[in-house]
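Below is one structure; the comments refer to it alone.
Read-outs: derived from the displayed coordinates by stated rules, not from any lab. Owing to the predicted nature of the structure, the values given are computational and were not obtained by experimental measurement. Cβ: placed from backbone, ideal geometry, glycine included. Neighbour counts: every protein chain shown.
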Amino acid sequence: MKMKIEKVTVYGTGLIGNGWTTHLLCKGITNVMIYLRYEKKIQKSIAEISKNLEFMVHEGMIAESGKEYFLSCLRYTTDVREAVRDADLIIENGPEDLESKRSMIAEIEKYCRDDAIITSSTSGILISEIAKYASHPERIIGAHPYHPVYLLPLIEIVKGDKLDPRYLDGLLDFCRQIDKKPVVLKKESPGYIASHLMTVLLRECVNLVVSGVCDMEDVDTAFTFGPGMRYALMGPYTVLQLAGGESGLAGVLCGPIGKSAEDWMKSFSNWTEWPPEALEFFQSCQTEMDRIISGQDGIHGRNNEELERFRDHGLLHILQLHGLA
Ligand SMILES: NC(=O)c1ccc[n+]([C@@H]2O[C@H](COP(=O)([O-])OP(=O)(O)OC[C@H]3O[C@@H](n4cnc5c(N)ncnc54)[C@H](O)[C@@H]3O)[C@@H](O)[C@H]2O)c1
């Protein structure tokens, strides 16, 4: 029998919890309960969800009356029992730390139904580790969204070693219902796909600067006006398919570029932890970042909030190109 997911609890309301709530509301899931540990955080959470919804109104994605209606539907509680006892699905969005994740899952399991699905938004901790001491690990699933959750469709689905496929199918149906694009990993791997790729990129962004090849602004300019523009539209394999002309992806990988890549790889870092020069760079990078974004060229000369608007407006255009908005 098909699993029914109508009542959703968003457990933890930072950036991702508030993003999840915005997305659920915009996709017609109005039976949403938000769990926060402290009463004093409620106003901040409402303000953020409200700001997200305001953006969707401004961009014509939802009606002004929709925003008011959605906000009136929201329920908040600081009582875990009340938060999870009726839920069909509980989405955990607490801090990225194994021990915290385990204790939050234990707290949820104490009061939720035995057949409720519990997902963790973890960016890359193995779900089998998170679910290791759970009483019902068969319904605990890694479901890694991407920020901003109400605009980016990706959701990486990670199966633990004890997962019951019935719960996986139920979650996948729900993801499609709310217009998410699920990618199910064949096996667990730290960082999954997206954080794995992002971390390789980050490591090399730092490596290029600390080894003196270029400065931070050059990295951003090269990425923004080069590969980033293509990657916004299609994945790295498809990008190479087009770069290879008639011989496609295999032509690139088996040809001179594939061979040259071997030379380029020799200059990559082999860091498995941040070396002292990278840690020193981290201490000074904010001053340089502030200088870059205060510049008047291109997208700069805007504060963080204005940059966010620019990003989100652009993301909506890309969604439209994909037929997803
Ligand atoms: N920031 C991102 O871009 C991003 C993207 C995808 C996934 N994630 C993952 O989502 C999760 C949340 O990330 P975030 O960026 O929203 O973090 P955040 O720091 O903005 O929010 C975490 C929230 O959890 C609350 N919290 C702390 N302990 C809690 C507890 N015991 N019970 C309930 N709530 C508790 C905090 O008050 C805070 O509001 C992390 O696992 C993170 O790795 C983050």
Amide H to amide H under 5 Å from T122: which residues, 5+ apart in sequence or cross-chain, H placed 1.01 Å off N in plane? A143
Using the crude model of +1 on Lys and Arg Cβ and -1 on Asp and Glu Cβ, and no other charge, please compute the dipole size for the chain relative to its Cα centre, in debye to 20. 1060 debye
HN-Hα J in Hz across segment 290-297 - Karplus 6.51, -1.76, 1.60, θ = phi - 60°, x for Gly and Pro: 4, 5, 4, 6, 7, x, 9, 8
Relative to the longest principal axis of the C-alpha atoms of the chain, give the angle of the C-alpha long axis of helix 42-58, reported between 0 and 90° and rounded to the nearest 10°. 60 degrees
If each K or R counts +1 and each D or E counts -1, the residues other than K4 whose Cβ falls under 13 Å of its Cβ total -2
For each of T221, T21, count neighbouring Cβ atoms within 10 Å of the residue's Cβ, then give the residues from fewest to most. T221, T21
For segment 230-325, how big is Rg over Rh, using alpha carbon atoms and the Kirkwood form of Rh? 1.10
Calculate one ³J(HN,Hα) per residue across segment 161-178 by plugging θ = phi - 60° into the Karplus curve 6.51 cos²θ - 1.76 cosθ + 1.60, and present them in order as whole Hz with x for glycine and proline. 5, 10, 4, 8, x, 4, 6, 4, 4, x, 5, 4, 4, 5, 4, 5, 4, 9
What are the extents of the Cα atoms of the chain along their three principal axes, in Å, largest first? 58, 45, 44
Quick check on the chain: of the DSSP beta bridges with both residues there, what percent are antiparallel, nearest 5%? 20 percent
D_trans [Stokes-Einstein, Kirkwood Rh over alpha-carbon pairs] for segment 119-233, 10 °C, 1.306 mPa s, µm² s⁻¹: 99 µm²/s
Sum up the charges of everything whose Cβ sits under 14 Å from the Cβ of L202, counting Lys and Arg as +1 and Asp and Glu as -1, but leave L202 out. -2
Order of C26, C214 - criterion: other Cβ atoms within 10 Å of each residue's Cβ, fewest first: C214, C26
Can you list which of the chymotrypsin sites (Phe, Trp or Tyr not before Pro) found in segment 131-235 are DSSP loop residues with at most 13 other C-beta atoms within 10 Å? Y133
Only bridges whose two residues both fall in segment 70-219 count here: according to DSSP, what percent of them are antiparallel, nearest 5? 30 percent
Segment 1-146: C-alpha gyration tensor shape, a/c 1.5 cut-off, then a/b vs b/c: prolate
